[in-house]
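Structure, as structure tokens:
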Amino acid sequence: MKLAIPFLRFSVNFSTAFLITPMSEPALPRLIVLPGLDGGDLLFENLRVALAGRAGMEVVPLPVTGPQTYDGLADGLAASLPQSGDYVLLAHSFGGPLAILLAGKAKHKPKGLILGATFVRNPWPLMGGIIKAALPSFLHPKSLPVIEATLLKSGDHETAYRIYQHLSEIGVNVLSERVKTVLSCDIRKALQTLSIPVLYVQGRNDRLITAAHGQLLQATGRTVQIAKVDAPHLVFQYDMALTMETVLLPFLRSLI
């Protein structure tokens, strides 16, 4: 008698049986963001979107009461810094010197600094009087073309209006005190003491802070690298997907 043995048929799905799962990327340091002269989170929405899913981000608003000097602000904001975990201070313009001072004061040190379109000493030594005299005009609707021409890409009327509205809410007195702080700024010694990595992001089309200020910052600090992006003064406002991939993420990954 013949015994029929059925042929066993089976198949292997190689896409699942030999699936190679990529190693997950180590957690990036979270960003603690210090704003510019406006003191708020208005101009970091695009940065937050570009960073989403990659690392945490927190904007530390500047107080509108109390001292507006860099030393006074640093003393008041030191308690806002993380007390554990890896973090990086990211600061724009007015916030740059403040970030440098806070990095020196912090009990739990940041892994690094990202400084955008900023300075370590008064960036307008010959124009201080003109700037102080012109400041109230920024709180008038007629200032919108000036805001756009100074800070933004041409044609960005919406952002110019939002900045104007926000500055109007802050008031001329607080803005005047912050401008005085800028005009008396010189924190080169504080930068010289820092040994953490520093990334300076410079806008190629910045009409407010020239490339010379980035060069001075690099010459003063121990570990400062410069990255140039195609942006005006608001270097964290435009083309953030590209800036994130080519500039910010490589720096953050280097700190892990």
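Brief remarks follow.
- Being under 13 Å from the mean Cα position of the chain (by Cα), closer than 20 Å to Leu194 by Cβ and at pLDDT 95 or above holds for only one residue in Leu81, Leu73, Leu89, and it is Leu89.
- Of the set (1) over 15 Å from Arg30 (Cβ atoms); (2) of a type outside the set (D, E, K, R); (3) open to solvent by 10 Å² or more (accessible area, probe 1.4 Å); (4) in contact (Cβ under 8 Å) with a residue 12 or more places away in the chain, all apply to Gly72 but (4).
- Leu144 being surrounded by fewer than 16 Cβ atoms within 10 Å (Cβ to Cβ), of a type in the set (A, V, I, L, M), out of contact with any strand residue (DSSP E or B) (no Cβ under 8 Å at 6 or more places or on another chain) and assigned to a loop (DSSP other than H, G, I, E, B): no
- Every pair of residues 6+ apart whose Cβ atoms lie under 9 Å, when the first sits in the range 207-224 and is charged (D, E, K, R) while the second is loosely packed, with under 14 Cβ neighbours inside 10 Å: Arg207/Ala149; Arg222/Gln192; Arg222/Thr193; Arg222/Ser195
- For the range 167-209, a residue qualifies if it is in a strand (DSSP E or B) and surrounded by 13 or more Cβ atoms within 10 Å (Cβ to Cβ), and the qualifying residues are Val198, Leu199, Tyr200, Val201, Gln202, Gly203.
- Set Thr150, Thr118: member being in contact with a Lys or Arg (Cβ under 7 Å, 6 or more places away or on another chain), open to solvent by less than 70 Å² (accessible area, probe 1.4 Å) and either closer than 22 Å to Pro63 by Cα or assigned to a helix (DSSP H, G or I) (or both): Thr150
- The residues of the range 237-253 that are out of contact with any strand residue (DSSP E or B) (no Cβ under 6 Å at 6 or more places or on another chain) and in a helix (DSSP H, G or I), listed by number, are Met240, Ala241, Leu242, Met244, Glu245, Thr246, Leu248, Leu249, Pro250, Leu252, Arg253.
- Breaking point among (1) surrounded by fewer than 16 Cβ atoms within 10 Å (Cβ to Cβ); (2) in a helix (DSSP H, G or I); (3) among the small types (Gly, Ala, Ser), for Gly53: (2)
The values are calculated or read from the model by the stated rules, or taken from the named source; none is laboratory data. Just so you know, these numbers come straight off a predicted model, no measurement behind them. Reconstructed Cβ throughout: ideal geometry from the backbone, glycine too, with neighbour counts over all protein chains shown. Ligands, DNA and RNA are stripped out before the accessible areas are found, and what is left, the full protein with its side chains, is counted by its heavy atoms. Shrake-Rupley method; radii C 1.70, N 1.55, O 1.52, S 1.80 Å.
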